[in-house]
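Data first, discussion second: the structure below is written as structure tokens.
The values are calculated or read from the model by the stated rules, or taken from the named source; none is laboratory data. Since this is a predicted model, take the numbers as computed values, not measurements. Quick reminder, even Gly has a Cβ in these numbers, built from the backbone with ideal geometry, and neighbours come from all protein chains shown. Just the protein is used for accessible areas: all its heavy atoms, side chains included, with ligands, DNA and RNA removed. Shrake-Rupley method; radii C 1.70, N 1.55, O 1.52, S 1.80 Å.
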There are 2 protein chains.
Amino acid sequence: MRARDLAVDFPAVTLDSSALEAAKLLAEQDLPGLILVGDDGRPLSILPGTQVLRLAVPAYCQDDPALARVVDEAHADGFLRQLGGKTVRECLPEQPRELPVTDAKATVLELAALMARTRSPLVAVMDDEGLLIGAVTLQSLLDHTLRP
Amino acid sequence: MRARDLAVDFPAVTLDSSALEAAKLLAEQDLPGLILVGDDGRPLSILPGTQVLRLAVPAYCQDDPALARVVDEAHADGFLRQLGGKTVRECLPEQPRELPVTDAKATVLELAALMARTRSPLVAVMDDEGLLIGAVTLQSLLDHTLRP
């Protein structure tokens, strides 16, 4: 079983996508993360769900979650409103060192090692020209490898 | 909205649980991770799904996913068999520096900051005595904060 057998179509966002719409996409489609592609169709970044939160959480709260407690409940409830009107480009967190990206020939062990190492439940699969073929999720990987 | 309003019952595993059963629990119930509790009911660790993979992926593949390519496809397909007969205790990866654990009073902003910082789509919620009340998932957090 190779990445090409597991990769499925996955919604992609661009730098000009609305950050709020990106968060809604994640929530409504129950996605483990988002794939950010450039105008040329090549993956620019893969944002695990937890890193999509970074688009909206103020930097001082990320550095020290205890500081988030000084924000009152009503304002805390509306923290995602900070995304309103912003694009993904404006909210993009610092790039990770290594992107969870692989090619069509990757085995399930390679996919698992890449997920474990990059802490991403989502791996983008590219063709030989670096174009996005689809994505493999952690759930899909486990479902296929645990199937009797 | 506080952690106590969002926390739901969540299956927990112990150090003596079967590692393979733990992986199956994650896959079958579509969980974003697992909560490991001690005999006293206190959370010992929270393993995001990607870190549950670490229970089965050989260390040399985690250090360099490219090395996983030398393992042939048939063996790669069966990598989860490595978990057979082992307990969670035997497979437990290195502990993270900071556990995604909070108390019942945490706001959604605190929960989001904690998920972003620890890269865990799952936060365990404890009572004043450190006992597990339940857990908040990233999906549940987004669903509640994006609800109109």
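For this structure, a couple of remarks:
- Straight-line cross-link reach from A:K86 at under 15 Å between alpha-carbon atoms covers these aspartates and glutamates, not counting any fewer than eight positions away in the same chain: A:D16, A:E21.
- Average beta carbon contacts from partner chains per residue of A:63-74, 10 Å cutoff: 5
- Between A:A56, A:L20, A:I46, the Cα set farthest toward the positive side of the dipole of segment A:1-72 (charges on each charged residue's Cβ, about the Cα centre) is that of A:I46.
- For A:F79, the solvent-accessible surface with a 1.4 Å probe is about 10 Å², rounded to the nearest 10.
- Pairwise inverse Cα distances across segment B:3-146, averaged and inverted, put the Kirkwood hydrodynamic radius at 16.0 Å.
- Comparing the full protein assembly with the isolated chain, the residues of segment B:95-119 losing at least 50 square angstrom of accessible surface (1.4 Å probe) are B:L109, B:E110, B:A113, B:A116, B:R117, B:R119.
- Sites A:E73 and B:D39 - FRET efficiency at Förster radius 35 Å, r taken between beta-carbons, to 0.05: 0.50
- Carbon and sulfur %, accessible surface of the protein assembly as shown computed with the full protein complex present, 1.4 Å: 49
- Where chain A is carried onto chain B by rotation, the Cβ closest to that axis, with its residue and distance in Å, is A:R119, 2.
- Centre separation in Å (Cα based) which lies between segment B:15-48 and segment A:56-102: 28
- Interchain or long-range residues, amide H under 5 Å from A:K86's placed H: A:A19, A:L20
- For the protein assembly as shown, the alpha carbon positions stretch 55, 52, 27 Å along the principal axes, listed from largest to smallest.
- Rolling a 1.4 angstrom probe over the protein heavy atoms with all chains in place gives the protein assembly as shown an accessible area of 46 Å² per residue.
- Overall, the protein assembly as shown carries a charge dipole of about 180 debye about its Cα centre when +1 sits on the Cβ of Lys and Arg and -1 on the Cβ of Asp and Glu, all other atoms neutral.
- Across the identical copies, how the A:R147 labels are spaced - nm, sorted shortest first, 7 Å along Cα→Cβ: 3.6
- Taking both sides together, the accessible area buried where A meets B is about 4800 Å² for a 1.4 Å probe.
- Annotation: amide H-H contacts under 5 Å for B:V13 (H modelled 1.01 Å from N, sequence separation of 5 or more, or interchain): B:I35, B:L36, B:V37.
- Note: relative contact order over segment B:3-146, using C-alpha pairs below 8 Å and six or more positions apart, is 32 percent.
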